[in-house]
Each structure stands twice: as C-alpha cells, then as structure tokens.
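Only one structure is covered here, and it is reproduced in the block below.
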Amino acid sequence: MNVRRGDTVLVLAGKDRGKRGTVERVEKTKRGFGVVIPGINMAKRHQKARSRTQTAGIIDLPVPIHVSNVQVVCPRCDRPTRVGHGSSEGDHAQRTRVCKRCGEQIEVTTK
C-alpha cells in the first residue's frame, strides 16, 4: 500500500478535489481500500440519542474516500507524487517508500 496513516495527501477526484489533508486512518471497504481524512468527504448522519449523555441530531462525519482518488504529497518537495519503493542501506535493510519526483525517502509522521 502506498498511502499510510499520517501521510499528507491531495484529493484528485470528487467534491473536495484539490484539497489537502492528513490521513487519519486506512480502512478496508467493499471496493478496496479507503482513507479517512478529517474535513474531507463529509457526510450527514442522523443520530439517535442512545443514552442520556449522547445527544440526538444531525452530525457531520468524514467517510472514506477510495485510495485511488488521493495522491501522496512529498514532504521534501511539497508536490504530489507517485510513490516508488527502494531499500535502505545499513545492517538491517528495509523496504522504504521513495518520492518519484525528487528521489527522497518519504517518512511518516504519526502522533
């Protein structure tokens, strides 16, 4: 998978085309993988009060957007890019993600 939690992505298709956001989580859906980005692809949900503390009403909820409709933004060159794969040097060589534009390794910054 080329998109991970914590990546900054650019939305390529849909009502929020052109917006950027940080991936909150990656989900398996019926049609493949989807990514949830706060503030992007919001849907209205009619919620019933289930307890005394939970209020009823219409809430806005971010729903998954298909992974093919987003593109990773390189943290170094700050441009949308395709993701390549390479291996890191050292004693314990690991497979890493690489920016196809600048060739720099893409690091994930998680909370």
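Does region 30-60 hold any residues that are assigned to a loop (DSSP other than H, G, I, E, B) and in contact (Cβ under 8 Å) with a residue 12 or more places away in the chain, and which are they? Walk me through it before giving the result.
Just the residues of region 30-60 that are assigned to a loop (DSSP other than H, G, I, E, B), to begin with: 30-31, 37-41, 48-56.
Result: 31, 37, 38, 39, 40, 41.
Quick test for you: out of 79, 20, pick the one residue that is touching a residue at least 40 places away in the same chain (Cβ under 8 Å) and charged (D, E, K, R). Write out each step before concluding.
Working: 79 fails: touching a residue at least 40 places away in the same chain (Cβ under 8 Å).
That would be 20, the only listed residue that is touching a residue at least 40 places away in the same chain (Cβ under 8 Å) and charged (D, E, K, R).
Restricting attention to region 17-29, report how many residues are part of a loop (DSSP other than H, G, I, E, B) and among the small types (Gly, Ala, Ser). Write out each step before concluding.
Going through region 17-29, the residues part of a loop (DSSP other than H, G, I, E, B) turn out to be 17-19, 23-24.
Checking which are among the small types (Gly, Ala, Ser) leaves us with 18.
Looking only at that region, the number is 1.
Hey, residue 43 hits all of (1) hydrophobic (A, V, I, L, M, F, W, C); (2) at pLDDT 90 or above; (3) over 22 Å from the mean Cα position of the chain (by Cα) but one; which does it fall short on?
So the condition that residue 43 fails would be (3).
Results for (1) closer than 18 Å to residue 107 by Cβ; (2) at pLDDT below 90; (3) aromatic (Phe, Trp, Tyr), shown as yes or no for each residue.
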{"site": "2", "(1), (2), (3)": "yes, yes, no"}
{"site": "7", "(1), (2), (3)": "yes, no, no"}
{"site": "26", "(1), (2), (3)": "yes, no, no"}
{"site": "31", "(1), (2), (3)": "no, yes, no"}
{"site": "38", "(1), (2), (3)": "no, no, no"}
{"site": "47", "(1), (2), (3)": "no, no, no"}
{"site": "55", "(1), (2), (3)": "no, yes, no"}
{"site": "62", "(1), (2), (3)": "no, no, no"}
{"site": "85", "(1), (2), (3)": "yes, yes, no"}
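The values are calculated or read from the model by the stated rules, or taken from the named source; none is laboratory data. For clarity, every value in this text was computed on a predicted model and none was experimentally measured. Cβ sites come from the backbone with ideal geometry, for glycine too, and all protein chains shown count toward neighbours.
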